[in-house]
Amino acid sequence: MDILSAAVMLFLIMDPLGNLPIFASILRHIEPKKRRKVLIRELLFALVIMLMFLFAGEAILSFLNLRSESVSIAGGIILFLIAIKMIFPTEGGLTGLAAGEEPFIVPMAIPLMAGPSILAALILLAHTDSSRMLDWTIALVSAWAVSAFILMFYKGFTRILGEKGLTAVERLMGMVLVMISVQMFLDGVANYLNKSVG
């Protein structure tokens with residue numbers, strides 16, 4: 001996987017367009033002067049958490065005595081479930097915040113930006129080829145920067161795309177994520193069978 005492919009995959013998993021309505025609903029109840037400050041803080045928290053998982057991926061696997069195949073299969077399943085939710089969204093409160101309550105790490109940084117699927121994907125990238133950590137860092141920061149740009153200007157993107165446009169784009173991204181998740185799952189199963197037979 002090259003840097004661009006990794007960046008696109010990570011961007012799709014972050015799903016900034018799908019998060020637009022949720023971020024907007026959270027920020028709507030915060031004082032206008034504080035909105036940008038809160039958003040920047042939460043985006044930076046998410047980046048730090050993702051970088052920690054990228055660079056501590058090997059240590060986490062070793063400490064928990066997990067094989068990369070387990071992470072690939074688990075990541076594929078989690079990603080598949082998230083993709084299904086993107087294609088078939090459900091009604092209900094996703095924020096867990098009272099009106100006017102300021103978010104702190106949860107739910108904007110975790111799990112909306114740095115969710116379980118992106119963390120599993122980062123651990124897997126680090127484990128697959130630990131000699132390319134600079135490449136994976138560039139891919140992660142690039143995907144985060146584009147996602148952050150979209151979320152920073154959420155009002156403009158919401159106006160341009162409209163509610164139906166956002167729904168269509170999110171479902172399209174969900175379809176792509178379904179294919180990525182199935183590939184992750186199949187790769188994990190194939191690697192496990194190859195090592196078991198070998």
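I'd like to check something: does region 54-66 contain any residue that is among the hydroxyl-bearing types (Ser, Thr, Tyr), modelled with pLDDT of 75 or more and in contact with a helix residue (DSSP H, G or I) (Cβ under 8 Å, 6 or more places away or on another chain)?
no
Let's see how each residue does on (1) buried (at least 16 other Cβ atoms within 10 Å of the Cβ); (2) farther than 24 Å from Lys37 by Cα:
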site: Ala121; (1), (2): yes, yes
site: Trp136; (1), (2): yes, yes
site: Ala139; (1), (2): yes, yes
site: Phe149; (1), (2): no, no
site: Gly156; (1), (2): no, no
site: Gly165; (1), (2): no, yes
site: Glu170; (1), (2): yes, yes
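Pick out the one residue from Ile105, Ile110, Ile84 that is in contact (Cβ under 8 Å) with a residue 60 or more places away in the chain and on the phi > 0 side of the Ramachandran plot.
Working: Ile110 fails: on the phi > 0 side of the Ramachandran plot; Ile84 fails: on the phi > 0 side of the Ramachandran plot.
Among Ile105, Ile110, Ile84, only Ile105 is in contact (Cβ under 8 Å) with a residue 60 or more places away in the chain and on the phi > 0 side of the Ramachandran plot.
Please indicate, with yes or no, whether at least one residue in region 68-80 is of a type outside the set (Gly, Ala, Ser) and out of contact with any helix residue (DSSP H, G or I) (no Cβ under 7 Å at 6 or more places or on another chain).
Taking every residue of region 68-80 in turn, none turns out to be of a type outside the set (Gly, Ala, Ser) and out of contact with any helix residue (DSSP H, G or I) (no Cβ under 7 Å at 6 or more places or on another chain).
Please determine whether any residue of region 182-189 is over 22 Å from the mean Cα position of the chain (by Cα) and exposed (fewer than 13 other Cβ atoms within 10 Å of the Cβ).
Checked against the condition, which is being over 22 Å from the mean Cα position of the chain (by Cα) and exposed (fewer than 13 other Cβ atoms within 10 Å of the Cβ), region 182-189 yields no hits at all.
Just one of Ile22, Ile84, Ile26 is at pLDDT 85 or above and either of a type in the set (Phe, Trp, Tyr) or within 19 Å of the chain's Cα centre (by Cα) (or both); which is it?
Numbers: Ile22 fails: at pLDDT 85 or above; Ile26 fails: at pLDDT 85 or above.
Among Ile22, Ile84, Ile26, only Ile84 is at pLDDT 85 or above and either of a type in the set (Phe, Trp, Tyr) or within 19 Å of the chain's Cα centre (by Cα) (or both).
Which of the helices (runs of 4 or more DSSP H) found entirely inside region 96-197 contain at least 3 residues meeting this: of a type in the set (Ser, Thr, Tyr) and more than 23 Å from Leu66 (Cβ to Cβ)? I'd like the intermediate steps shown before the answer.
Numbers: elements: 116-128, 133-152, 154-197.
Those helices (runs of 4 or more DSSP H) span 154-197.
For region 17-24, does any single residue satisfy the condition of being touching a residue at least 12 places away in the same chain (Cβ under 8 Å) and in a loop (DSSP other than H, G, I, E, B)? Walk me through how you get there before you give the answer.
The first filter runs over region 17-24 and keeps only residues touching a residue at least 12 places away in the same chain (Cβ under 8 Å), leaving 17-24.
With the extra rule that they be in a loop (DSSP other than H, G, I, E, B), the set shrinks to none.
Within region 17-24, none of the residues are touching a residue at least 12 places away in the same chain (Cβ under 8 Å) and in a loop (DSSP other than H, G, I, E, B).
The values are calculated or read from the model by the stated rules, or taken from the named source; none is laboratory data. Only a predicted model underlies this, so the values are computations on that prediction, with no experimental measurement involved. Cβ coordinates were reconstructed from backbone atoms using ideal geometry, including for glycine residues, and neighbour counts include every protein chain displayed.
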